Amino acid sequence: MELLIPIIGAVMFYILIKWWNDIRSNDDAEVEKTAVRTNESADSAVAMDGHQQTDDDGAEKAADDAADDVYRVTRAVTEEALRRLNCQCIEDKNDNMQISFQYQSEHFFINFNDTNCFVCLTDPNWYEFRADDIDNLAKVKDVVNDLNWYHAVNVVYTHDEKAGVFNIHSRCHLVAVKEMMLDTPYLQNTLSEFFVTHHQFYRLMADKN
């Protein structure tokens, strides 16, 4: 019996050591698997981030292309509408987003933008008066307020300090789409409204004298 005790002890010690080594091996294997999964997740995140960047770049380019298309179509429709009114379009050498033309001997500008189909139609410098004419300035302010309240065409005045004068301009925003510009007399009627505004301005100014 005394001989069996050391043998049993050695066997138990061997079993304990084997059990401990198995636990460490399993832990190491689990750590390795976790590291692999972590690396795979990191690689996947990098790939997804690159894909997201590509998607963002593609969306930005698509938006730019769409804006370019809006500008090209808007400009083509506007110039065709003017051509039908026998107006010659002249592109501004310093601003490719602006054209000028004459209609019934009046000089107009049209300004485009690269985000939508609205254009700004302007009739500049059709009335001028001295900046030191305080009485006339008061009359002009009243008349401009009256016109802007009732008319689609807005009237504005600017101060040219160097020349010492005030200038009067009128302007209006148009929706430059084919259905309105080419299929209806929309542009012609709007241009006519500018001349109505002139007439009303001079009439109201005369009434204040």
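Quick notes
- Value in Å of the Kirkwood radius, where the range 145-209 supplies the Cα pairs that are averaged: 13.6
- Cα-centred dipole magnitude for the range 66-200, charges only on beta-carbon of K, R (+1) and D, E (-1), debye, nearest 20: 200
- Stretchable slack from residue 113 to residue 207, in nm (0.36 nm times residue separation minus alpha-carbon distance): 29.9 nm
- Per-atom-type breakdown for the range 72-184 gives carbon and sulfur 47% of the accessible area (1.4 Å probe, protein chains only).
- Cα→Cβ-extended label distance, 7 Å offset, between residue 141 and residue 199, nm: 3.0
- Flagged links, alpha-carbon separation over 31 Å, of 93/139; 93/178; 93/162: 93/139
- Measuring only protein heavy atoms, the 1.4 Å probe finds residue 182 accessible over about 40 Å².
The values are calculated or read from the model by the stated rules, or taken from the named source; none is laboratory data. Since the structure is predicted, the reported quantities are computational estimates derived from the model, not experimental observations. Cβ sites come from the backbone with ideal geometry, for glycine too, and all protein chains shown count toward neighbours. The accessibility values were calculated without ligands, DNA or RNA, using every heavy atom of the protein model including side chains. Shrake-Rupley method; radii C 1.70, N 1.55, O 1.52, S 1.80 Å.
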